[in-house]
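In what follows, a structure is listed as structure tokens, so that the remarks can point back to it.
Read-outs: derived from the displayed coordinates by stated rules, not from any lab. Here the structure is a predicted model, which is why all the values come from computation and not from measurement. Backbone-built Cβ (ideal geometry, glycine too); neighbour counts: all protein chains shown.
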Number of protein chains: 2
Amino acid sequence: MDVTALLMRKLNMRRELSSAACEALAATASTQSEVAAGSILVRDGNDPTPVCSLLIEGLAIRYKITSGGNRQIVAVETPGDFLDLQHLFLKVADHSVEALTPLRVVKIDRAHLRTLALEYPEIGEALWTEALIEASIMREWLANVGRREGRMRIAHLLCELARREEAIGMARRDTLILPLTQEQIGDITGLTAIHVNRMLKALVADGLIEQSGRQILIRDREGLAAAGDFNPRYLHLDQVSAIA
Amino acid sequence: MDVTALLMRKLNMRRELSSAACEALAATASTQSEVAAGSILVRDGNDPTPVCSLLIEGLAIRYKITSGGNRQIVAVETPGDFLDLQHLFLKVADHSVEALTPLRVVKIDRAHLRTLALEYPEIGEALWTEALIEASIMREWLANVGRREGRMRIAHLLCELARREEAIGMARRDTLILPLTQEQIGDITGLTAIHVNRMLKALVADGLIEQSGRQILIRDREGLAAAGDFNPRYLHLDQVSAIA
DNA sequence: CGTACCCTTGAAAAAAATCAACTTAAGTGG
DNA sequence: CCACTTAAGTTGATTTTTTTCAAGGGTACG
């Protein structure tokens, strides 16, 4: 799809864009580019990169490393998310962003995106909403890691990712594409890879899910939601606009 | 101080305000109002309240409750913070906001604040920055709870609050006003009150802090920062504007 | 056909939660 | 001002959860 059209679709969902905003957007779009899996797009402690991107395909993570060398993943980005809206107005990156899989993105000049956010109310509202929903997800993760135990944390994560993938048309209902190692699942949930392994097995043993490679089949949707104390309200899905 | 002057001071720090923006701000400000300790300002699941506030005095917390009845505090707000910027563009509140102490606030109509954020680039930038810094703090908390152990989590929290209080002129360097019960500290750090108690005692025993009622004296600033793996970068202090 | 990298499993150790008293401090109303 | 009440802090013993350590097993890929 045309790059401008993608941006339009992403930003147009909540409000009609003025013609001025449309022109500004058209002036923004370059072409799509590819990013290799494992690439680090933003590095903690550095200036945020001069380019922001709209993620079109693939998964990216945002994370922090503690002095002990432990990693905490603070967000998973799916297609349709803006990479690094979180640093849009900050001078120093406080965490890193990495491509988990090969990505396809639309690069946007960061200074230009700031201008779009400030000068065009329709675009500003869309970007605000995006950023606030990402913060909302982080709050839920904080509650998940801080106040639920292992099994529940993982069940919750699976529910969230399944719902998000469903919302953007990435996976079918009750199917979850999970290109994460068990170590990475641990880095999201604050557990060790070994414990993640055991808890996943427990969920399988309880008939809630089924594993087949990097895909998960949700056998008991209700049960998994209950096991994970999952309520999708925090995803604010009615305010999310898909690009697909 | 005059309410308009407070708002000006808060929003003016990063950019010169245009006269139009100044007028819009002047039209915003009502009077200061008081909020009793324990009042719930925003309730999870409800519409976010029609009023947003600039916190002038006192402390407020934002929190979520899990199905097990456990509470996770996701933010502590200090004077100079906007209460509930996080819900500014969201339709449903995904967490609650509560006054921890008696508060003094300047109420701002939520719809009006949205307009200010979108129509006046100087104000928009200030509010964006505020919201993004709050998200940055949440990321650090997530890493704290997910990837550090008890003693470290608490040391980290003490360092953060001390630094933030110092930045806004609320407490002197090496002194920390901590109007939190040990249970509330646990709700921030993902620990039980009992464990918080033991870890605090450990920090005292190690000569890092001294307790005197609801105040804490930091005896060894460097040592506490090391014990808490604390690096203030994520606070983006150079981008924060104080009202005091 | 190695060689990574990931997954799996068991046993032991550590961290944190739970359970159960008990102490201190801070009001409140007589 | 004192007895009473309630919330918060303290401490020890026990249990649960999670991590750590250790060792195999599977699989993809050059």
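Odds and ends about this structure:
- Compared with the dominant principal axis of the Cα atoms in chain A, helix A:193-205 is inclined by about 70°.
- Between helix A:121-147 and chain A: long-axis angle, C-alpha atoms, 0 to 90°, nearest 10: 20
- Along chain A, longest interval not containing exposed GluC sites (Glu not before Pro), exposed being DSSP loop plus at most 14 other Cβ atoms within 10 Å: A:17-148
- Among the residues of B:94-101, the average count of other protein chain beta-carbon atoms within 10 Å of the residue beta-carbon is 2.
- Greater than 29 Å apart at Cα, pairs in A:Lys10/B:Lys10; A:Lys64/B:Lys107; A:Lys91/B:Lys10; B:Lys10/B:Lys91; A:Lys10/A:Lys201; A:Lys64/A:Lys91: A:Lys10/B:Lys10; A:Lys64/B:Lys107; A:Lys10/A:Lys201
- When the alpha carbon gyration tensor of region B:164-244 is reduced to an equivalent ellipsoid, its three semi-axes come out at 23, 15, 14 angstrom, largest first.
- The protein assembly as shown - Rg (one decimal) and Dmax (whole number), Cα, Å: 22.1, 66
- At 0.890 mPa s and 25 °C, Stokes D of region A:3-140 from Kirkwood alpha-carbon radius, µm² per second: 160
- Test item: Cα-centred dipole of region A:149-228, Lys/Arg +1 and Asp/Glu -1 on Cβ, debye: 80
- Label geometry 7 Å along the beta-carbon vector: A:Thr175 inter-copy distances in nm: 6.4
- Mean-position separation - Cα centroids, region A:1-34 and region A:200-244, in angstrom: 32
- Whole-Hz Karplus values for region A:38-47 come out as x, 4, 9, 8, 9, 10, 3, x, 8, 4 Hz, taken residue by residue from phi with 6.51 cos²θ - 1.76 cosθ + 1.60 and θ = phi - 60°; glycine and proline positions read x.
- For A:Ser241, the point set 7 Å out from Cα toward Cβ sits 2.9 nm from its twins in the other copies, listed from shortest up.
- Cβ neighbours within 10 Å from other chains - mean over B:127-140: 6
- A label point on B:Asp47, set 7 Å along the Cα-to-Cβ line, lies at 4.5 nm from each of its counterparts in the other copies, closest listed first.
- Rounded to the nearest 10 degrees, the inclination of helix B:19-28 to the longest alpha-carbon principal axis of chain B is 70 degrees.
- Residues A:Asp238, B:Asp220, A:Asp187, arranged from fewest to most other Cβ atoms within 10 angstrom of their Cβ, appear as A:Asp238, B:Asp220, A:Asp187.
- Computed over chain A, the quotient of the alpha carbon radius of gyration and 2.2 N^0.38 Å is 1.02.
- Sequence-separation-based contact order of chain A, relative, with Cα cut under 8 Å and 6+ spacing, percent: 22
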